[in-house]
Structure formats: structure tokens, C-alpha cells
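Encoded as C-alpha cells, the structure appears first; notes follow it.
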Amino acid sequence: MTRMLIIATVLLCLGMSSFAAFEEETVLLYLFDEETADEATDLSEFENHGEIVDAEWTADGKNGGGLVFDGASTLIEVPHHDSLVPGGDALTVEAWFKPNSFPAGHPPIARKGSVAESGWGFDTPGGQIRGFVYTAPGAAAVAQGATQMKLDTWHHVAMVYDGSEVRIYLDGEEDGKVDRKGDINENQASVWIGKKANESVWLDGILDELRILNIAISEEQIQEDMEGIAFAVEVTDKLTTTWGRVKTDILR
């Protein structure tokens with residue numbers, strides 16, 4: 001019996017029901033709970049699996065496992081899919097991040113677009129967070145964070161675009177924002193996680209619970225997600241469990 005099935009059985013015995021938050025709007029979800037050599041498994045319906053390069057899995061994630069980025073060669077490349085280009089005016093990117101160092105440049109949590117003209121990005125220049133979207137070629141709206149992250153400390157980071165402004169959140173609190181209206185420019189580029197495309201700029205630390213949504217979620221929802229992402233994962237044909245929430249409430 002797998003660990004997920006055991007936990008699901010425990011939930012049923014306790015009379016706890018499954019639930020999911022924004023399951024249909026989630027276009028990528030990596031929980032990093034199972035050790036894998038070369039693929040990040042996407043739990044969303046879009047199956048946006050990513051190719052892992054030179055990453056080590058660790059059992060010491062924020063909630064369960066996590067993926068270690070070494071600041072030198074580790075990355076995940078997610079092939080282009082229409083679901084990852086909002087084609088509209090709403091986007092959320094969120095994750096847990098435990099920095100080991102703050103490399104120079106703009107080490108990305110995630111970025112869609114390899115050149116400075118289209119797409120979106122969420123990165124960590126100088127140990128602060130920064131989120132941006134392009135609604136016109138070469139014209140980015142950039143929200144720069146004001147708070148320095150701490151080394152060897154878990155931080156929850158999030159970027160939200162709602163068609164009116166870009167907002168970034170550190171540990172559940174708004175840390176910066178900028179006004180911008182319009183649809184996000186589309187492109188055919190991969191999503192790069194942990195490395196800036198076409199540049200030797202790398203993330204150094206551990207990532208866990210990385211999620212991308214095609215809607216703008218609220219500060220209250222971000223704070224709820226910090227307790228463990230509520231997301232229904234099929235375990236058998238007849239049994240489901242909210243794995244993200246289970247991971248927090250039972251395993252930790």
C-alpha cells in the first residue's frame with residue numbers, strides 16, 4: 001500500500017472529506033514529494049511535467065520532500081503549453097523557497113519567456129522577490145520587493161497579476177506592487193525554473209509546493225496555501241485525497 005493510499009485511508013477513518021482549492025484553475029503543481037531523477041511531475045490536469053537537470057531530491061522540504069537547486073547547474077525546463085500562457089489578464093505563481101545563497105543577477109523562481117519582450121517572470125534579485133509581466137513588447141510592469149529574505153530559512157513567495165496591478169507577497173504579506181493593465185503577451189518559450197534562460201543565472205536553495213494558476217488569488221488564499229496546498233489527487237479509481245493538505249497536517 002502506498003503512502004498516499006495509507007493517508008487517504010486514515011482520512012476516511014477520521015471522517016475527513018477531500019477538498020480542493022482552485023483545482024481547475026491550477027495549470028502547474030509540483031509538490032516534489034517523491035524522489036525522481038529527471039522529471040518533475042505536474043499534478044494539474046494539464047500534465048505540464050518538467051525535465052529536471054542536475055537536481056537532488058531531499059526529504060527535508062517545507063512539507064514533505066523538496067528539490068535542491070545548487071546555484072550552478074540545476075534547473076527544470078517545462079515545455080511550452082497553451083495553459084502556461086494565460087492569454088488574459090490573470091496569473092498567480094507561488095512556492096516555498098529556502099535560500100542557501102543569493103547569487104548575482106535575477107535568479108528565477110519561474111519565468112515564461114527568454115528575452116525581455118514578452119511573458120512573465122518571478123525572481124529573486126539580491127535576496128528580494130520581484131515579479132513582472134509584459135503586456136506590450138519591451139514594456140514590463142515590475143513589482144520589486146522591499147524585504148530581504150533570510151538564508152537557510154523557509155519563505156513563502158507569491159506573485160499575482162489581476163489585470164490592474166502586479167503584486168508580490170513574502171510570507172503571506174504584500175511586499176510590493178505596481179499598476180498595469182492589459183493581457184499578458186504570449187510566447188512559445190519554455191517555462192524555466194531555477195535558471196534564467198540564455199544566461200548563467202541560477203537559483204541556490206530548495207523549492208517546494210510550486211504552483212502556477214491562471215487566476216489571481218487573494219492574500220487570504222495565499223495565507224491558506226501556506227498551510228498546505230489543498231488539491232485533490234486521485235489515488236485509486238474510487239478513492240481521492242487532498243494530498244497537499246494531508247502532507248501538512250499528518251506527515252509533518
Against the 2.2 N^0.38 Å rule of thumb, the C-alpha Rg of region 21-229 sits at a ratio of 0.90
Karplus-derived 3J(HN,Hα) from phi for region 182-197 (6.51 cos²θ - 1.76 cosθ + 1.60, θ = phi - 60°), whole Hz, x at Gly and Pro, runs x, 7, 6, 4, 8, 8, 9, 6, 5, 8, 9, 10, x, 8, 7, 4
Region 121-141 scanned against label point 7 Å out from E77 along Cα→C-beta; backbone N under 20 Å for 121-122
Which residues qualify? For A136, with a placed amide H closer than 5 Å and at least 5 residues away or on another chain, they are N185
Pseudo-spin-label distance S164 to E45, built 7 Å along Cα→Cβ, given in nm, is 2.9
Taking the convex hull of the alpha-carbon atoms of region 125-186 and averaging its shadow over every direction gives an area in square nanometres of 4.5
Among K98/K195; K150/K181; K98/K181; K62/K177; K62/K195; K112/K177, the pairs whose Cα-Cα distance exceeds 23 Å are K150/K181; K98/K181; K62/K177
Computed from the beta carbon distance with a Förster radius of 51 Å, FRET efficiency for L151 and K181 to the nearest 0.05 stands at 0.85
Final fewest-first order of T135, T58 on the 10 Å Cβ neighbour count is T58, T135
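Coordinate-derived values only; no laboratory data. Computed from a prediction, not measured in an experiment: that's the story for all the values here. We place every Cβ from the backbone using ideal geometry, glycine too, and count neighbours over all the protein chains shown.
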